[in-house]
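Notes follow once the structure below has been shown.
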Amino acid sequence: MPKFRAFLLIAAVLAVAAAAWLLWPQKQAAHTVVLPIAERPVGGDFTLQTADGPVSLRDLRGKVVLLYFGYANCPDVCPASMAMNAQALTALTPEERAKTRLLFISVDPERDTPASLKAYASYFHPEMIAATGSLEQVAAVARAYGVGYAKRPPQTDGSYAVDHSAQTYVIAPDGRLAAMVDFGSAPEKVVDAVRKFLP
């Protein structure tokens, strides 16, 4: 009988472990957007939250919008991309800059609040807008723009990274997704893309 009880205990432990393993991907799914390789981004309007209130892409009609998806705790790709886009914005003339907006969307809404994002964005350029939303809202916008991202398992201290796409999306003044600038491009390439679509 003791052996039988031990067997039942082991079986119960294994069943709990198996259930936990099966449920883990479901818990992560809300923070993961995986896209088919052939899927083309379509873009489109959206509304998210900033520290100064909601921002809608529709509110930015008439301007060229440089759109980038990342997160404030990103150690390398995001700072490099934000610095590149900020340099491009600075390289524009004052008249061109008045018709251009740089919009950063966080794919880590669990940690990035509108207030912390505003501080993060202002480090790169005072005119940069930073927004986020619920996990579902951010995922919907990411899918529309062909952005894939995935939250990695947390470290022992609770910190984690988020793998994500790193292109800059160029939105024309009429609101359509007009072009994409690859990660690692020179600021001049962004400037050329902006000037191509300026009204």
Inset, instruction - May I ask you to sort 136, 96 by Cβ crowding, counting other Cβ atoms within 10 Å and putting the fewest first? - result: 136, 96
Inset, instruction - Using the number of other C-beta atoms within 10 angstrom as an exposure proxy, rank 171, 105 with the fewest first. - result: 171, 105
Legend entry - 185, 134 arranged by Cβ crowding within 10 Å, fewest neighbours leading: 134, 185
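None of the figures in this text is laboratory data; all of them are computed from the coordinates on show. All values derive from a computational prediction rather than experimental measurement. Cβ atoms come from the backbone with ideal geometry, glycine included; neighbour counts cover every protein chain shown.
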